[in-house]
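Peer 1: Once you've had a glance at the structure underneath, I'll fire off some questions.
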Amino acid sequence: MRKKCLSLCLSAAMLLPCIAFSACNPGGDPNISETGEVTLRFWNGFTGMDGDSMDAIVADFNEEYAGEIKVETDKMDWDTLFTKLTTTKSNLSTAPHVVAMSNQRLAGIVDQDLLMAIDDLPEYLGVTQSDYISSAWNAGVIGGTRYSFPLDIHPTAMFYNKDLISEEELPSTWEEFVEICVEKTNTETGVYGFAVPSMYSITKDIFASILLQNGGALFDAENNAVYNSDQGDAALEFLSDLVYTYKVSPENVGAGGDYTLFMAGRSVFYFDGPWLLNTFDLIKNGDTSHIGVAPMPGATGENGISFSGSHQLTLMKNTVTSERVKEACYTFIQYIQTHSLEWAYAGQVPAYLPTLESEEYQQIEALQPFTQTALNAQLGQSDYKYFYEGYNYMGVAVSNAISGKYSAAEALDRAVRSFSNWIIDNEY
Amino acid sequence: MRPFTKQQRRSKAWDEFSSFLFVVPYLVFFIAFALVPLVLCLTLAFCQWDGANEIEWIGLQNFKLLFGALGTGQIAMEFWQSVLHTLLFVAIETPLLIVLPFLVALLIHKCRRAGKFFMGAFYFPSILSVATVCIIWYFMFDTNAGILNNLFKSNIPWLTQQPYAWISLFILSSWWGIGGNMVLYLAGLSNVPKECLEAAALDGAGPWQSLVHITLPSMRYTMIYVLMMTTLSSFNVFGQPEILTAGGPDSSTTVAMMEIYNTAFGGSRFGRACAMSVLLALIMVAFTITSYKLQTKGENL
């Protein structure tokens, strides 16, 4: 009898997880009731210090709209976000309503039919194109339909070590850049002008900027990759010359190797996005820091161009199914837009011009080089669904030329050929 | 023999039922997380699916593409190149992870006093996650500001040129993997019959002879287990090249798992990624069976 009782208890204990497991799956569409609070799920990949600022904006919003709208944020790294996003159709109970994403990924997600058309959003917000940095504004329109709304632009700028270079010496063209790098490079003390990373990372953004400044393009009007043009060859040769001809960079700088050398005081310049402003504590204590920031050469002025990315806000088609939810999303986006100064403190350049023109914003000195660059930003073909892949093939070419494996022209030709073949294959 | 009474029959049926209940939790998880994904993967290999929209049956198209019978052969080339990289990793890393931990285990087994310390020291890396291990070694390998080049006053491009990128991955993976296998070997070593060793010593066998003729044969099954597990885990290499070299330079350390992952999650081609997984799985099965056959040759198991 005792044995029987024991086996019964054990069986029950063993079954418990199964019952619990089945109870965990609520299933079904989480229809938001017609009255009461609307809960919105907001996914983003702001996992760094910028995420804290976004959380603060969301917390303020929740406080102001308590009882009406509640926003729940889910932060994950960008790769995870896009992975999870593609499978949200089958699990609406956890799927997001609002998602922040890079303009470079937009067309691919539109192609999967996940995003909602939001043509009426500008009217709802009472804004027009003239209120926004135009490149960021236009990035959200694909095939004549608006799918995303601009949040910010994040261009690449030039950080420099104040102990190694004075403000007056800062270059504004690439010619001046080479000159000053040659002057500052000292093999005895191990100080270089600029360590060019041969692994992907920021080098491909710099390459794209120089290519655009040379008058070239990444893709033509029919979305064919054309970064192997003469302008492209010249841009990549220039970058590899920094390593092999001018020798202002050590060879074999790996991904992150440029940052390590810059932090060790062994390179004058370092290129990166505005998110590093807070890492270097430049927004609050820029004056006392030994690190300064300036626009990338050739990016400012009348003919200045820089290749940049932009964060955009999107609404998901499968979860934003009623007018009520849609309005809640629009209210949330409006709130982010009017509070984008907070986002600037996170180290981002808001795309909303009234914010950029405000006095408080202009007092954030460290952001001004990025702002000047952002106004001249080109974002690449945001409406091309293979842009991201094409850009990555280009990254391999840049890496191969900098590491000395192929000449600039050969590396770029190979990349264009591989990418064109890959598209044909991928359509099967 | 007396037939079972009604009560006895009921109790027997209950016993059978209750023993079944004990395996239910395992079965549930096995079905949910192993069997269903396996069947799904096999099915999806013949389909096209972007993860969001309808699944479309396309027959052998994915496989034709992967064998270069369709299209330009670009995707086929990228895939088989990544498989070759995986095979290279398996061919070099597996022997390293079989021999090195054995030598370490042997030394630890011999020197009892310091053994505990070294056991802890060698086992320590295995409790770290792949990301942690890669970050540690990243600071060691960096060409211009890394610890290794500073220490040896060298200028080796550890992560940016071949063959150094592979060598870096082997060093890292061995450092990370020694501990796990070492523990298995230590367990095996403590099971080697002492009387045989003593008898051999009495007969005048030296340490080398004892090792070859007694220790090694006694540890045959531990060896087979370690070989199988190490081979399979080497085939699944992903984190190390993904984090440390990002598949570079020039995609030369892009392994099959990375190609599969990127196809599925970067490119949203889940069907093709499943077809790739099936092909890789077939290679793994062939490898495992061959190595098992070779190991157990001439035995009746």
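Peer 1: Specify the angular offset, from 0 to 90 degrees and rounded to the nearest 10, of the alpha carbon long axis of helix A:387-402 from the longest principal axis of the alpha carbons in chain A.
Peer 2: For A:387-402 against chain A, the angle is about 40 degrees.
Peer 1: Which value results for Rg/Rh of region A:315-428 when Rg is the Cα radius of gyration and Rh the Kirkwood radius based on the inverse mean 1/r?
Peer 2: On the Cα set of region A:315-428, Rg over Rh gives 1.14.
Peer 1: Could you work out how far apart the two model spin labels at B:TRP208 and B:ALA114 are, taking each label as a point 7 Å from the Cα in the direction of the beta carbon, and quote it in nm?
Peer 2: Computed distance between label sites B:TRP208 and B:ALA114 equals 2.4 nm.
Peer 1: From other protein chains only, count the Cβ atoms within 10 Å of every residue's Cβ in B:260-266, then give the mean.
Peer 2: For peptide B:260-266, the averaged partner shielding equals 3.
Peer 1: Mind checking the full-extension length gain between A:ASN303 and A:ASP120? Use 0.36 nm per residue of separation minus the Cα-Cα distance, one decimal, nm.
Peer 2: 62.5 nm
Peer 1: Would you kindly compute the Cα radius of gyration of chain A and its largest Cα-Cα separation (Dmax), both in Å?
Peer 2: Rg, Dmax (Cα atoms, Å): 24.7, 93.
Peer 1: Binning every alpha carbon pair distance of the protein assembly as shown at 10 Å from zero, what are the percents per bin?
Peer 2: 3, 12, 19, 22, 20, 13, 7, 4, 1, 0, 0
Peer 1: How big is Rg to Rh over region B:6-62, alpha-carbon atoms, Rh as the Kirkwood inverse-mean-distance radius?
Peer 2: So for region B:6-62, dividing Rg by the Kirkwood Rh gives 1.38.
Peer 1: Sticking with this structure for a sec: Percent of alpha carbon pairs in region B:57-216 separated by more than 24 Å?
Peer 2: Roughly 57 percent, rounded to a whole number.
Peer 1: Further question on the same structure: Can you put B:VAL39, B:VAL255, A:VAL191 in order, fewest other beta carbons within 10 Å first?
Peer 2: Final ranking by Cβ density, sparse to dense: B:VAL39, A:VAL191, B:VAL255.
Peer 1: Something else: Name the residues of region A:181-205 whose amide N is less than 15 Å from a point 7 angstrom out from the Cα of A:ALA264 along the C-beta direction?
Peer 2: A:186-197
Peer 1: Nearest 20 debye, what's the magnitude of the dipole of chain B about its Cα centre given +1 on Lys and Arg Cβ and -1 on Asp and Glu Cβ?
Peer 2: 1140 debye
Peer 1: Shifting gears a bit: Starting from the Cα of B:SER190, move 7 Å in the Cα-to-Cβ direction to define the label point; list residues of region B:107-136 whose amide nitrogen is under 20 Å from there.
Peer 2: B:107-127
Peer 1: If you put +1 on each Lys and Arg Cβ and -1 on each Asp and Glu Cβ, how big is the dipole of region A:179-308 around its Cα centre, in Debye rounded to 20?
Peer 2: 420 debye
Peer 1: Report P(r) for chain B: all Cα-Cα distances, bin width 10 Å, range 0 to the bin holding the largest distance, values in whole percent.
Peer 2: 5, 19, 24, 23, 16, 9, 3, 1, 0
Peer 1: So, one more: So if I place +1 on the C-beta of Lys and Arg and -1 on the C-beta of Asp and Glu, and nothing else carries charge, what would the dipole magnitude of region A:63-208 be about its Cα centre? I want it in debye, nearest 20.
Peer 2: Result for region A:63-208 is approximately 700 debye, rounded to the nearest 20.
Peer 1: Based on the mean of other beta carbon atoms within 10 Å per residue, what is the order of A:169-178, B:55-64, most packed first?
Peer 2: Ranking, from highest mean packing down: A:169-178, B:55-64.
Peer 1: Can you give me the distance in nm between label points at B:SER291 and B:LEU216, each placed 7 Å from the Cα along the Cα-to-Cβ direction?
Peer 2: 1.8 nm
Peer 1: What lysines could a cross-link reach from B:LYS12, if we take a straight Cα to Cα line under 29 Å and drop same-chain neighbours fewer than 8 places away?
Peer 2: B:LYS12 reaches A:LYS3, A:LYS4.
Peer 1: Build a GNM of chain B with springs between Cα atoms under 10 Å: which of B:ASP142, B:ASP250, B:ASP15 gets the top mean-square fluctuation?
Peer 2: Maximum fluctuation in the GNM of chain B, among the listed residues, is at B:ASP15.
Peer 1: Right, another one. Going down the table (A:LYS89/A:LYS204; A:LYS162/A:LYS247; A:LYS162/A:LYS405), which pairs top 27 Å between alpha carbons?
Peer 2: Check vs 27 Å cut-off fails for A:LYS89/A:LYS204; A:LYS162/A:LYS405.
Peer 1: Further question: Provide B:LEU197, B:LEU35 in ascending order of the number of other Cβ atoms located within 10 Å of each residue's Cβ, fewest first.
Peer 2: B:LEU35, B:LEU197
Peer 1: Computed over the Cα atoms of region A:76-220, what is the convex hull's projected area averaged over all directions, in nm²?
Peer 2: Over all viewing directions, region A:76-220 projects a mean Cα-hull area of 13.3 nm².
Peer 1: Something else: Rounded to the nearest 0.05, what FRET efficiency is calculated for A:TYR244 and B:SER154 with R0 set to 25 Å and r the Cβ-Cβ distance?
Peer 2: Calculated transfer efficiency: 0.75.
Peer 1: Take the cross-link list B:LYS110/B:LYS293; A:LYS75/A:LYS317; A:LYS70/A:LYS317; B:LYS116/B:LYS297 and give me the ones stretching past 26 Å between alpha-carbons.
Peer 2: Over 26 Å Cα-Cα: B:LYS110/B:LYS293; B:LYS116/B:LYS297.
Peer 1: Assuming R0 = 41 Å, what is the FRET efficiency of B:MET228 and B:GLN8, from their Cβ-Cβ distance, to the nearest 0.05?
Peer 2: Plugging the Cβ-Cβ distance into 1/(1 + (r/R0)^6) gives 0.35.
Peer 1: What net charge is computed for the residues neighbouring A:TRP275, neighbours being all others with C-beta under 11 Å from the C-beta of A:TRP275, Lys and Arg scored +1, Asp and Glu -1?
Peer 2: So the surrounding residues net to -3.
Peer 1: Right, another one. For a protection proxy built on the mean count of beta-carbon atoms within 10 angstrom, sort A:364-370, A:398-404, A:36-42 highest first, please.
Peer 2: Per-residue mean Cβ counts within 10 Å order the peptides as A:398-404, A:364-370, A:36-42.
Peer 1: Taking each residue of A:255-261 in turn, how many C-beta atoms of other protein chains fall within 10 Å of its C-beta, and what is the average?
Peer 2: 5
Peer 1: Sticking with the crude label model, points 7 Å out along Cα→Cβ, report the distance from B:LEU87 to A:THR47 in nm, one decimal please.
Peer 2: Result: 3.5 nm between the two label points.
Peer 1: Order these peptides, A:407-419, A:84-96, A:66-78, by their mean beta-carbon neighbour count within 10 angstrom, highest first.
Peer 2: Per-residue mean Cβ counts within 10 Å order the peptides as A:407-419, A:84-96, A:66-78.
Peer 1: How many angstrom lie between the C-alpha centres of region B:238-300 and region A:205-221?
Peer 2: Centre-to-centre (Cα) distance: 36 Å.
Peer 1: Compute the FRET efficiency between B:THR43 and A:SER166 as 1/(1 + (r/R0)^6), taking r as their Cβ-Cβ distance and R0 = 51 Å, and round to the nearest 0.05.
Peer 2: Step by step, r from the Cβ atoms, then E = 0.20.
Peer 1: If you rank A:VAL110, B:VAL183 by fewest surrounding Cβ atoms within 10 Å, what's the result?
Peer 2: B:VAL183, A:VAL110
Peer 1: Have a look at A:TYR388, B:ASN150, B:LEU42 and report the one farthest towards the positive end of the charge dipole of the protein assembly as shown, computed about the Cα centre with Cβ charges (Lys/Arg +1, Asp/Glu -1).
Peer 2: B:LEU42
Values in this text are rule-based calculations from the coordinates and carry no lab data. As the structure is a prediction and not an experimental result, all values here were calculated from the model. Heads up, the Cβs are rebuilt from the backbone with ideal geometry, glycines too, and the neighbour counts pull from every protein chain shown.
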